[in-house]
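These notes are about the structure you will find just below.
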Amino acid sequence: MSKIDCVNCGNKQSLDSNFCSNCGNKLKCDSCDKPLLKDANFCSDCGKTTLSETNNKEALNTIKFKETKDERSYELAFTDEVGKDVSELVTGMMKGTPIMLGANNNDVAENFNKELDDENDSADIIDVPEIHNANRNDDSDSVSNLDYPHLDDLSMKMDFSEKEWLIVYAFYLSNFGASTFSKESVYSKYKEERITESRFKNLGTNWKKAFRSSFKTQKVGELKFTDDGIKNVKSLISGNKKSNAKKVTSRKETTKKVNKAEAKGSKSSSKVIPKSVAIEKFDINSKKISLEKFLESIGNPKSTNERILAIGYYISEICGTNSFSDGNVDFAYKVLKLDNRPTLLRQTIANVKNRDFWIEKAEGKSWKLSRIGELHIEKLKSPN
């Protein structure tokens, strides 16, 4: 009996066979019964297509979704005929309810939700951080992140307690309270900006105070702000805090408070009374330039720290003494009638050393400029 060779696998078949018994390949044209060439989409004799209706409706398009520990993904295929349903399909996916073509979607949704319930009963619980919008407006006094001052400006203008500095650093590191943060990141920032030997000794205590007032644990190693903590730090930054933030008062205000306490018979020994500083004169009218003109040349610094640095620079560099004292700074304030003289002058000068690193200790109780301080004044002299 004559045989016909399968063009796909080479297996010999009888002439009346329509499909290969070995590989299932189609052997003859449905229309004219002529043998088909290998991989032919159309009959070479009559031109009829070799693709069945089922094959013509093969999936030509695919949408893929992936699955991780936090989310589930799906892979769906569809033909061009159902392209009109793509938008509905994707919308259902994004809402968490798969929409299957050709299926009863109500039944699918019900089965899908049941599957989720079954899975949640047995799956491990994964903590997912709660993310807040940094520009949220959840209370009347909240502001967008664009309204928060730069940390450098806060260090120049605000006089927070060490506990409050920890809270402020955490706020900025957490994208203004919108994200989680770690204790280590706050410690690192605090050590970079504030650390001294005495502050280091009290760091653990201050951290505990900051945590109790403003933070909570999201999961191991991750912290976030409480609602009260957010309100507290916003109040701090805006300068409206009514609690422990130190406020620099004028000498007149301090004197009034002390006198009022004495008049009421309270214990004046509990009040901090600033020690007087012995005035030490210097030449405020150097041949090179007067102190008044020098301050004008660098824009009359408004911040206390910059003003003290400028006075120290004038005495050390222009008058050529290489160092200056608390009494020199006090003399400059009084002769030039500068406003906002610090009540605790020596402590304020010490803060310039510890916080900004602009000055250093010299012999005795004198101070000298650091290289950082010299460069800062040079920058003020040449702002461009």
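Check segment 327-336 and report whether any residue there is of a type in the set (D, E, K, R), farther than 19 Å from Ser155 by Cα and modelled with pLDDT of 90 or more.
yes
Contact map, segment 296-322: residues that are among the acidic types (Asp, Glu) paired with residues that are part of a helix (DSSP H, G or I), Cβ distance under 8 Å, separation 6+ or inter-chain. Pairs shown: Glu306/Met156; Glu306/His376; Glu306/Leu380; Glu317/Glu374.
Counting only residues that are at pLDDT below 85 and of a type in the set (Val, Ile, Thr), which one in segment 272-285 is surrounded by the fewest Cβ atoms within 10 Å (Cβ to Cβ)? Steps first, answer last, please.
As a first pass, look at segment 272-285 and keep what is at pLDDT below 85: 272-277.
Going one step further and asking which of them are of a type in the set (Val, Ile, Thr), we end up with 272-273, 277.
Values: Val272: 9, Ile273: 12, Val277: 18.
Applying the filter and picking the extreme gives Val272.
Total residues in segment 202-216 satisfying the condition of being loosely packed, with under 13 Cβ neighbours inside 10 Å and among the hydroxyl-bearing types (Ser, Thr, Tyr): the figure is 1. Consider segment 177-189. How many of its residues are charged (D, E, K, R) and either exposed (fewer than 13 other Cβ atoms within 10 Å of the Cβ) or in contact with a strand residue (DSSP E or B) (Cβ under 9 Å, 6 or more places away or on another chain) (or both)? Residues in segment 177-189 being charged (D, E, K, R) and either exposed (fewer than 13 other Cβ atoms within 10 Å of the Cβ) or in contact with a strand residue (DSSP E or B) (Cβ under 9 Å, 6 or more places away or on another chain) (or both): 2 in total. Considered as a group, the residues in segment 1-16 that are touching a residue at least 24 places away in the same chain (Cβ under 8 Å) and in a loop (DSSP other than H, G, I, E, B) include one that is most open to solvent (accessible area, probe 1.4 Å), and that residue is Asn8.
Take segment 314-338 and flag every residue that is in contact with an Asp or Glu (Cβ under 7 Å, 6 or more places away or on another chain) and among the aromatic types (Phe, Trp, Tyr).
Answer for segment 314-338, where residues must be in contact with an Asp or Glu (Cβ under 7 Å, 6 or more places away or on another chain) and among the aromatic types (Phe, Trp, Tyr): just Phe331.
Restrict the check to segment 235-253 and report whether at least one residue is modelled with pLDDT of 90 or more, open to solvent by less than 100 Å² (accessible area, probe 1.4 Å) and closer than 29 Å to Lys353 by Cβ. No, segment 235-253 contains no residue that is modelled with pLDDT of 90 or more, open to solvent by less than 100 Å² (accessible area, probe 1.4 Å) and closer than 29 Å to Lys353 by Cβ.
Within segment 26-52, restricting attention to residues that are of a type in the set (Lys, Arg) and under 21 Å from Lys12 (Cα atoms), the residue that is least open to solvent (accessible area, probe 1.4 Å) is Lys28.
Could you count how many residues in segment 190-201 are open to solvent by 50 Å² or more (accessible area, probe 1.4 Å) and either polar (S, T, N, Q) or more than 22 Å from the chain's Cα centre (by Cα) (or both)? Give the steps one after another, and end with the answer.
So in segment 190-201, the residues open to solvent by 50 Å² or more (accessible area, probe 1.4 Å) come out as 191-193, 195, 197-198, 200-201.
Still in the list and also either polar (S, T, N, Q) or more than 22 Å from the chain's Cα centre (by Cα) (or both): 195, 197-198, 200-201.
Total satisfying the criteria: 5.
The values are calculated or read from the model by the stated rules, or taken from the named source; none is laboratory data. Because the structure is a prediction, the values reported are computed rather than measured. Every residue, glycine as well, gets a Cβ built from its backbone with ideal geometry; the counts of neighbours run over all protein chains shown. Surface accessibility is based on the protein's heavy atoms, side chains included, excluding ligands, DNA and RNA. Shrake-Rupley method; radii C 1.70, N 1.55, O 1.52, S 1.80 Å.
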